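Notes follow once the structure below has been shown.
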Amino acid sequence: METVLSGIRPTGNLHLGNYYGAVRSFVKMQYEYNCFFFIADWHSLTTHPTPENIQNSARTILAEYLACGLDPEKATIYVQSDVPETIELYLYLNMNTYIGELGRVTTFKEKARQQPDNVNAGLFTYPTLMAADILQHRATKVPVGKDQEQNMEMARKCARRFNNIYKTELFPEPQNFYFAKEAVKVPGLDGSGKMGKSDGNCIYLCDEPKVIRKKVMKAVTDLGPQTPNSPKPEVIQNLFNFMKIVSAEDTYNYFDEKWNDCTLRYGDMKKQLAEDVVAVIQPIQERINEFATNQQLLDNIARMGAEKARESAAATLREVRKIIGFRVY
Ligand code: AMP
């Protein structure tokens, strides 16, 4: 059975971008594949070096994963820092990754712009840690949003290079997995291209309906369509892209026609959009509250997940040590 891996950094709650870009795919995949879903707490140090309560944040994401429908009996759900084997593989992969290629990664360049006083080596080697996360389980499929495509290319490069250097076929090349035909990018409703934790423009799965309605009604728009069938400006295209992701096809088509014949009222569109978002989030939100109060359950799931993940990673690391020539214990 093929192995799947994906993860999310616990630097904030799960938002709609995470849900549509990654978590929705996990839920579907857990019944068909050998699935590993992890909480990337080490990764979060690249942008948040002094987390306030990292274990609590990880438990919060875990509760949110479960509320979205991840089943710990079917999938292995674990916290990254519970699996020290990852670090050893990260080290080996770093030895065969060149600073030129890491410097060209767009997400690195973006983050370096956002935090010019903290362009740290962890940020620089983010792609090799991500590759270690994936390759330690020899995963072949990775559900990701569009923003991670370049990092996935690096993970494939790490696998290929290791296999070439050590003349082995240990690592399969992991492929991006998309829920639909192509990668999803959930836009921000503040006129920006992407919903993201560091962009402060998120609708969170834990947001109450009144908060969701308020956020959606504040979405940036313009004066409205001026001539029939005109192309949509970027902020309006974002709004429509958002609707395409969360609403029914008929709803999207209805408002698209209104745009084309210049009768669209943004207020009506946003009201509909808000109700469609509430319909997706409200049941998840209720379940988040149930899981979040059950610390015992969360701890047990994390412990069980760590055991299974370590077993899988240790088996790979034994092979890696043997291949490179280190002592195997
Ligand atoms: P992060 O929140 O950066 O840890 O990302 C975790 C997962 O969510 C990754 O698979 C991302 O590709 C996905 N993701 C984050 N933001 C978005 C977005 N706005 N649209 C689609 N996918 C996203």
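The values are calculated or read from the model by the stated rules, or taken from the named source; none is laboratory data. All values derive from a computational prediction rather than experimental measurement. With ideal geometry, Cβ positions are generated from the backbone for all residues, glycine too; neighbour counts draw on all protein chains shown. Remember, those area values only see protein heavy atoms, side chains included, never the ligands or the DNA or RNA. Shrake-Rupley method; radii C 1.70, N 1.55, O 1.52, S 1.80 Å.
Just a few scattered comments:
- The angle between the Cα long axis of helix 85-95 and the longest principal axis of the Cα atoms of the chain comes to about 90 degrees, rounded to the nearest 10.
- Entries in Lys111/Lys214; Lys218/Lys258; Lys197/Lys322 that, when Cα-Cα distance is taken, lie over 32 Å: Lys197/Lys322
- Residues of the chain: accessible area per residue with a 1.4 Å probe, Å²: 48 Å²
- What the Cβ-Cβ distance of Ile165 and Asp256 gives, at R0 = 45 Å and to the nearest 0.05, is a FRET efficiency of 0.30.
- Helix 295-324 and the long axis of the chain differ in direction by around 50°, with both axes built from C-alpha atoms.
- Accessible carbon and sulfur surface of the chain relative to its total accessible area, %, 1.4 Å: 50 percent
- Computed FRET value (nearest 0.05) for Ala279 with Glu182, which takes r as the C-beta separation and R₀ as 35 Å: 0.90
- Looking at the range 250-329, the trypsin sites (Lys or Arg not before Pro) that sit in a DSSP loop and have at most 13 other Cβ atoms within 10 Å of their own Cβ are Arg265, Arg327.
- The trypsin sites (Lys or Arg not before Pro) of the range 191-247 meeting both criteria, a DSSP state outside H, G, I, E and B (loop) and at most 13 other C-beta atoms within 10 angstrom of the site's C-beta, are Lys218.
- Extension gain, Asp190-Lys214: 0.36 nm per intervening residue step, less the Cα-Cα distance, totals 7.4 nm.
- Three-way shape label, the range 33-144, alpha-carbon gyration tensor, a/c 1.5: oblate
- The angle between the Cα long axis of helix 126-135 and the longest principal axis of the Cα atoms of the chain comes to about 70 degrees, rounded to the nearest 10.
- Against the empirical 2.2 N^0.38 Å (N residues), the range 213-324 has a Cα radius of gyration ratio of 1.77.
- Evaluated on the range 101-202, the Kirkwood hydrodynamic radius is 15.0 Å, with distances taken between all distinct Cα atoms.
- DSSP-loop trypsin sites (Lys or Arg not before Pro) across the range 65-167, with at most 14 other Cβ within 10 angstrom: Arg104, Lys167
- The base-10 log of I(q)/I(0) for the chain, evaluated at q = 0.07, 0.09, 0.11, 0.15 Å⁻¹, reads -0.31, -0.51, -0.74, -1.25 [Debye formula, identical scatterers on Cα atoms, solvent excluded].
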